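Values quoted throughout were computed directly from the atomic coordinates according to the rules given, and no laboratory measurement underlies them. Quantities reported herein were computed from a predicted structural model and do not represent experimental measurements. For neighbour counting, all protein chains shown are included, and Cβ atoms are generated from backbone atoms with ideal geometry for every residue, glycine included.
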C-alpha cells in the first residue's frame, strides 16, 4: 500500500511513522508546501519520498489530508477530481464544513471523513512521535456517503494504529467537539491572556503557578494556524458553548460577589460530578 | 520537636508523613473534629496521637492549621491566646483575611503566615501522599510581623520538606494567587458545568475528550469545602480576574462570530506567549 500524506506536521508525520512501522504502508509519500518540513521529514525517514500533489496522488492508494481544516475544504474538491480508484481521507477537527465542500462532488464516495482524536499542544514536523494514536479514538463521519471498500480501507488503517473507531454524522461530531475540545482550548487561551495581562512579573507567575495553573493553561500553547480555522469553521457551535460557558462563569461571579456560600457550594458540587467522566 | 496538625486532610496528613519521615518532628499530634479521619490517620501512622485542640497545643512546639481558610480565621485568635512559647502557622491559600483576623492580637508574633503551593485535585486523609511538597514553593507572608525565632522554625520546617521559600506580603500573595490558581479552578468548574449541561450522553464525552479536555477540567473535581471559602475570602481579587477573563472570552467570541481571522490569530499568538512561562 502506498500512502500519501498531505501536510507534514505533528499529525501527518506521527501517522507516517506508525503506518510504516506497523507495515500498513509500504511506501509513504510526503507533500508539503514548506520545503524545509519536507526535508526534515525525509531526513528523519518519516517519509520515503516527497513530490508535488498531483504526482503523489497518481502513485498512491490512499491520500491523507493532514492540513488545517480550512485548507482541507479548499483542496479536497480538486483532489477528488483525481481520485478514481483511490481513497481520500482527512484528519480535520471540524467535519461539517468539509462535508459541505464536497457533498455534491461526483467522487464523494471515494472520500472517508475522519478525525483521529490525538495530539499534543506542540505542533510541526519536529513534534512528531510514534504511538501518538495508540488506544485513542477516531471518529469516522457520514460513513454511508463513502464507498464500502473505501471505508473498509480506512477502518483497517486505523486498526493498524490501534485506534478505537466511532461513527457519527458530521453535524453531531462538530457539536460534541465544540463542547469537549474546542471550548477547552478557548478557555485556556483566554486564561493565558488574562494572566499575561496582569502579571508583568513573570518570575512570580512561574513561582506561584503550581500544578493547577499549568494543566489548565497548557493548551494555550496550541498552534494558531490549526486552531484559527477550527474556531471559524465550527463557529455556530462554538458561539453556543462560549455563551453557555460565560453564563456559568457569571453564575460563579454572582455567588462570590454576594457571598452566597450555599449557592457557590451547589455550583462546585455540581461541577464535581465531572469526576464520573474524567 | 512535637508538631500538632489541625485538620487531617490531604495537606495536613501529607505534611505529617514527611515531617516525621525527615526527622523534623519526633511526635505528631492530630486534631480533627471528624473522628473517622482521626482514626484513619492513626491507623496509617500519619499521626502518633489524636487529642482535642487545647491539650494538643499544650503538648506542642509547633501548631499547623490545615483546615479551610474560613475556619483558620475563626479558630486562629483563640489558638494564639494559648500560644505562649509556641509557634503557630497555617497553610491557607488566602492570606489577607487571615492576617486581618489576628493583626491586633497580642500574640501575633507567635504566628507565621504560610502557603505551601502543593496539592492535587483529590482531598481528604485518604489522598495523603509522601513527597507532595518536595521541590515546590512555599510562600511566607508578612514575615516582619513574626518573631524571628518563630519564622526561623517554620523556615527550617519547610526546608526539611525540601520546599523553596518565597516571601511576600499577604495582599500581594492574594492577588497573585487569584491570577494563577484561583481563576484556574473557576475556569475548570465552569467548564465542567457547561459540558455536563449539554452532554447528557456521557459516553460520548468520555470518548471524545482526548487529552485536552481532561487536563483543563481536572481541577473541577476539587473540594467544595476548601474552595468555597477561598473564593469568598479572596472575593475582590477574584471578581477582578473573573471580569478580565470573561472579557478575554468575549474578545474571542467577537472575533469568531464576525469571522475576523486576523484578530483571532493575534489573540491566539498573544496567548501562545504563555509558553515562555509554563
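What to note about this one:
- With all projection directions averaged, the alpha carbon convex hull of the stretch B:1-63 covers 3.5 nm².
- Rg/Rh for the stretch A:173-276 (Cα atoms only, Rh after Kirkwood) is 1.00.
- Binned Cα-Cα distances of the stretch B:79-167, short to long, each 10 Å bin given as a whole percent: 16, 47, 30, 7
- Cα radius of gyration and Dmax for chain B (Å): 20.9, 67
- Only Cα pairs under 8 Å and 6+ residues apart enter the sum, and on that basis the relative contact order of chain A stands at 17 percent.
- Area projected by the alpha carbon convex hull of the stretch B:82-131, averaged over all directions, nm²: 4.9
- From the largest down, the stretch A:42-81 spans 30, 22, 15 angstrom on the principal axes of its Cα atoms.
- Per-residue [θ]222 nm for the protein assembly as shown (sum of -39500 (n - 2.57) over DSSP H runs n ≥ 4, rounded to 500): -16000 deg cm²/dmol
- Selected from A:119, A:212, A:12 as most flexible by GNM, with chain A as the system and alpha-carbon contacts under 10 Å: A:212
- Averaged over the residues of peptide B:218-225, the number of Cβ atoms from other protein chains lying within 10 Å of each residue's Cβ is 6.
- Peptide A:249-259 has a mean of 6 when you count, residue by residue, the C-beta atoms of other protein chains within 10 Å of its C-beta.
- For the pair residue A:49 and residue B:260, label points projected 7 Å from Cα toward Cβ lie 4.8 nm apart.
- Relative contact order computed over the stretch B:173-276 (Cα-Cα under 8 Å; 6+ residues apart), in percent: 35
- For the segment A:169-176, counting C-beta atoms of other chains within 10 Å of every residue's C-beta and taking the mean gives 2.
- Most tightly packed first, judged by the mean number of other beta-carbon atoms within 10 Å of their residues, the peptides B:15-21, B:102-108, B:35-41 read B:15-21, B:35-41, B:102-108.
- Helix B:148-160 axis, angle to chain B major axis (alpha carbon atoms, nearest 10°): 60
- Taking the DSSP beta bridges with both ends in the stretch B:52-161, the antiparallel portion is around 45 percent.
- Translational diffusion of the stretch B:38-192, µm² s⁻¹ [Kirkwood Rh, Cα pairs; Stokes-Einstein; 25 °C; 0.890 mPa s]: 149
- Cβ-derived FRET efficiency at R0 56 Å, residue B:26 paired with residue A:276, nearest 0.05: 0.80
- For the protein assembly as shown, average projected area of the Cα convex hull in nm²: 26.2
- Global geometry of the stretch A:42-118, whether rounded, prolate or oblate, following the gyration tensor of its Cα atoms and the 1.5 cut on a/c: oblate
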